[in-house]
1. Please count how many residues of region 235-251 are crowded, with 18+ Cβ neighbours inside 10 Å and either of a type outside the set (A, V, I, L, M, F, W, C) or at positive phi (or both).
2. Quick check on residue 431: is it surrounded by 19 or more Cβ atoms within 10 Å (Cβ to Cβ), in contact with a Gly (Cβ under 8 Å, 6 or more places away or on another chain) and at pLDDT below 95?
3. Quick one: would you say residue 239 is within 14 Å of the chain's Cα centre (by Cα) and in contact (Cβ under 8 Å) with a residue 24 or more places away in the chain?
4. Looking at this structure, is residue 371 modelled with pLDDT of 90 or more, in a loop (DSSP other than H, G, I, E, B) and out of contact with any Cys (no Cβ under 7 Å at 6 or more places or on another chain)?
5. Would it be correct to say that residue 287 is at pLDDT 95 or above and part of a strand (DSSP E or B)?
6. Can you name every residue in region 436-457 that is within 17 Å of the chain's Cα centre (by Cα) and either within 12 Å of residue 379 (Cβ to Cβ) or modelled with pLDDT under 70 (or both)?
7. Could you tell me whether any residue of region 330-350 is assigned to a helix (DSSP H, G or I) and not polar (S, T, N, Q)?
8. Return yes or no: is residue 94 in a strand (DSSP E or B), of a type in the set (Asp, Glu) and out of contact with any Cys (no Cβ under 6 Å at 6 or more places or on another chain)?
Amino acid sequence: MYSGQTKQHYGIIRFLLLTVYRFMKFPGRRQHRHYFPVDNKNPLTNQVNPSSNASQNYIVGIDQVLVDIEAKVDQAFLDEFDLHRGMSQVISDEVTQRLYQRLKDESLINYEFAGGTIGNTMHNYSVLADDRSVLLGVMSKDIHVGDYAYRFISNTSSRVDLNFLQPVDGPIGRCFTLIDDTGERTFGINAGLINRLHPDSIDESLIAGASALVISSYLMRTQPGDTMTEAAVKAVKCANAAGVPVVLTLGTKFLIEEEPEFWRDFVQKYVNILTMNEEEALAITGIEDPLLAANKCLDWVDMVICTAGKDGLYMAGYVDEAFKRESEYPLLSGEIHEFNRYEYSRPMLLKDCKEPMRIYTHSAPYMGGPESIKNTNGAGDAALAAILHDLSANVYHKNTVANSSKHEQPALTYSSLSQMSKYANRASYEVLVQHSPRLSRGLPEREDSLDQAYWAQ
């Protein structure tokens, strides 16, 4: 945290930098000024018809569609529904419906958030990029104004395409957070029909045309009769066959700890980009140090994002020897000596490297982290959304300016590893200072946290 005097000095420096820094040029389809303003006077991009193949740029995510419901209750209320104070428990459909109706009738609900790891990520991506994403999952056929399913739809960015959701005759998932007068939280969870996404609902051409496919480990945790896992695996195989990068977020350490060998095999077989926190990294690798854990994961995937709480964010990937770029930042010493030496390199798929070398970067929390953290839920989803924005920007730029010298390198991303790390940290910061896990707006149009030069085309 910064002292008052340091904050004042930082503010002065920030103001001076902002007065001299030019806007960054970050390709995309946003129609208004934003964190990565699009230069509308660029003759290269203006010669392209907006309705051309660039309009087909999108990402796809598969999720267990659910709503997070927060309410203030007393002990008598918990006793009535046989909920154990301070515990998390699965509740039946019948209890869930009675509980929800009671909360609505007595106006006890504080918030109803559209949730789900991938749902949050798709929303945040569409807010950051002001561009299309597609969410696959299930949605209740019977939707009433003001109910939980309605809340999910109304609290999801209009740029998230929900037309491919599979209708089901029953509820989506609900997670109740019940808070008593002391602040103690009690959780009641009902899955509804969130795991009934059928493989037939997976549009293979939709997957093949995407810039990335995003899934979570939760999709593999299903019960007999559920079809979600089968649907997710079908989508992953379609993506692999079409050369579409598969992005996996691990979601929770508890799930990984149950079958670490399964997850190592799954990641190695199907996944290109792995995102996790330090606890999940420990669960899948057995290594406590996040940098070394990320390095281990490069044995299985092409790129790794590992958030480490107050310690910031680590990223690792591959670049061909011919395209490596040295950092202009001070070199950092960790368990890997001077690990950030080539952090200005743009990551590549391992298969595209003739002489592959591993590259790493680390970013401390933006602004030292917020003074007051209102919510940690969704910070990782925001970081992932920023990375996806960079991946899609690269595809967009290839489609619109195919003859750019930038694409002489078969890079996976538009930006350097270092640049993406900063962007991810910046997006996470926005979630940490608000109550909701979903971004309500894009990032400010001018920032001094990023190197301008590395956004140049």
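The values are calculated or read from the model by the stated rules, or taken from the named source; none is laboratory data. Please read these numbers as outputs of a predicted model, since none were measured by experiment. As a convention, Cβ positions derive from the backbone with ideal geometry for all residues, glycine included, and neighbour counts pool all protein chains shown.
1. Result for region 235-251: 3.
2. It is true that residue 431 is surrounded by 19 or more Cβ atoms within 10 Å (Cβ to Cβ), in contact with a Gly (Cβ under 8 Å, 6 or more places away or on another chain) and at pLDDT below 95.
3. no
4. No.
5. No.
6. 436, 437, 438, 439
7. yes
8. The answer is no for residue 94.
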